[in-house]
1. Once amide H atoms are built 1.01 Å from N in the peptide plane, which residues 5 or more positions from residue 59, or in another chain, come under 5 Å H to H?
2. Modelled label-to-label distance, residue 59 and residue 136, 7 Å Cα→beta-carbon offset: nm?
3. Could you go through the range 245-255 in sequence order and give the Karplus-derived ³J(HN,Hα) for each residue, using 6.51 cos²θ - 1.76 cosθ + 1.60 with θ = phi - 60°, rounded to whole Hz, and x for Gly and Pro?
4. Which whole-angstrom value gives the distance between the alpha carbon centres of the range 336-391 and the range 105-126?
5. With the cut-off at 24 Å, tell me which of the pairs 53/229; 49/166; 305/385; 5/305; 49/305; 166/382 have Cα atoms farther apart than that.
6. For the range 44-88, what does the accessible surface come to per residue with a 1.4 Å probe? Please give it in Å².
7. Would you work out what percent of the accessible area of the chain, with all protein chains in place, is carbon or sulfur (probe 1.4 Å)?
8. Where both residues lie in the chain, what percent of DSSP beta bridges are antiparallel, nearest 5?
Amino acid sequence: MNTGKIVIVGGGHAAAQLCMNLAEAGRGPDITLISEETVVPYQRPPLSKSFLKSSAESLQFIRGQTWYEEQGIELMLGAQAVGIDRESRRINLSSGVFMDYQHLVLATGARARPFPGIPPGTVNAFSLRGQADARALQTLLAEPQDILVLGGGFIGLEFSATASAKGHRVVLVEAAPRLMARAVSPQLSAHALQVQRDLGVEVHLQAQLGEPVMEEQRFLGLHIDGEFKQFSSVLSAIGAWPNQELAGQCGLVCDNGIWVDLHMRTSDPSILAIGDCARFALSGKPWLPASLRLESIQNANDQAKTASSTIMGDPQPYHALPWFWSEQGPARFQMAGLLPAVISRTEVVEGGSSGACSWHHFDGDGQLACVESVNFPADHMKAKKQLLSIW
Ligand SMILES: Cc1cc2nc3c(=O)[nH]c(=O)nc-3n(C[C@H](O)[C@H](O)[C@H](O)COP(=O)(O)OP(=O)(O)OC[C@H]3O[C@@H](n4cnc5c(N)ncnc54)[C@H](O)[C@@H]3O)c2cc1C
């Protein structure tokens, strides 16, 4: 059996799941978890959902601090890893502390991409990635706002639905011709657009944006499709960048994510990477992209399980079915599988008068490749089961 120190850098879903898997295998006392956050890993999805609806909502920890203590896991919270010396297998922290490892796992996640022209420190500009961002938005939504949401992806749409339902004026701008264009089908995009408009959100697709107008450290507004619009606050939700600098600086192969093989090993086999920061290849379908990075709870958890098996000396290749969900106002969207570049046909399954509906998308070989559902968990589960059997 493998022994030796396991250092995990990161305090999110992937890190927490890895702790759970390794602790189950009796390796808790070998683990040190280094996280720059000051609290133990917590659930991130509620931050753009229930957390924004009520200021009474608090963080949901994946495991409480005592659980880590019981497992013998050393927690280093509020600690930032700043360098890796691969030759001596040593990691150094911003505090000046050094730590030796036998296995190092990078679970550093991703960070919100800044919007060009809105400098850091702008008092009425927000993003949404961690607990501090969510708390700031909770406070913001306690007072009436005129909010500009930059980006029609999952986080922008979840936020705008909640803010609008709470009575704020929300304008959402998206550069692409449809919402969530990188991740979902045109059918689901169209449904999401209707949901937003029904909630009173002013949505601009293919929006032509001018330079943000600033007054000292305040964002005032910008031209949208030729018309100047003023706002009291702005949320930038234009995607995320992988936190790969630590890996890149020590020479690991990175390209919009830290490259890993199917066992989550980076170009240095003693260093693994998992979750939002990792780029990998999925095999099994000719139409799958050559490599991808998935930002989802499913991927973080399943890659953590794969990394655990690699560390335990029983490597199992990563081959999980991707799935995701999103809550936008009254709509709960569920997605499983991936959309092929060429969809040979789409079957629509209606769920009766409540507006529940699924789209089953088939690839060029006529095989089910992806299912997307709106408020239709029963059909979704059925189709997901089918996908699991052929994935
Ligand atoms: C608001 C929001 C809503 C979401 N909703 C959904 C959803 O509904 N469904 C879904 O499937 N997914 C959702 N996601 C995505 C999901 O949360 C992520 O895919 C998941 O958190 C990835 O886990 P991770 O551990 O890879 O990264 P993260 O959870 O981002 O954790 C990375 C951690 O590493 C720390 N870190 C980074 N660098 C260092 C360093 N050098 N030293 C020490 N610590 C470091 C960070 O501070 C952070 O704590 C959402 C994400 C956000 C932000």
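1. none
2. 1.6 nm
3. 4, 4, 6, x, 4, 9, x, 6, 6, 9, 7
4. Value for the Cα centre distance between the two parts: 34 Å.
5. Values: 53/229 26 Å; 49/166 13 Å; 305/385 20 Å; 5/305 18 Å; 49/305 27 Å; 166/382 34 Å.
Table pairs above 24 Å Cα-Cα are 53/229; 49/305; 166/382.
6. Details: 2470 Å² over 45 residues.
On a per-residue basis, 55 Å².
7. Numbers: 8590 of 16910 Å².
C and S atoms contribute 51 percent here.
8. Details: 45 of 76 bridges.
Given both bridge residues lie in the chain, the antiparallel proportion sits at roughly 60 percent.
The values are calculated or read from the model by the stated rules, or taken from the named source; none is laboratory data. As the structure is a computational prediction, the values presented were derived from the model and not from experiment. Every residue, glycine as well, gets a Cβ built from its backbone with ideal geometry; the counts of neighbours run over all protein chains shown. Quick note on the areas: whole protein, heavy atoms, side chains included, nothing else; ligands and nucleic acids left out. Shrake-Rupley method; radii C 1.70, N 1.55, O 1.52, S 1.80 Å.
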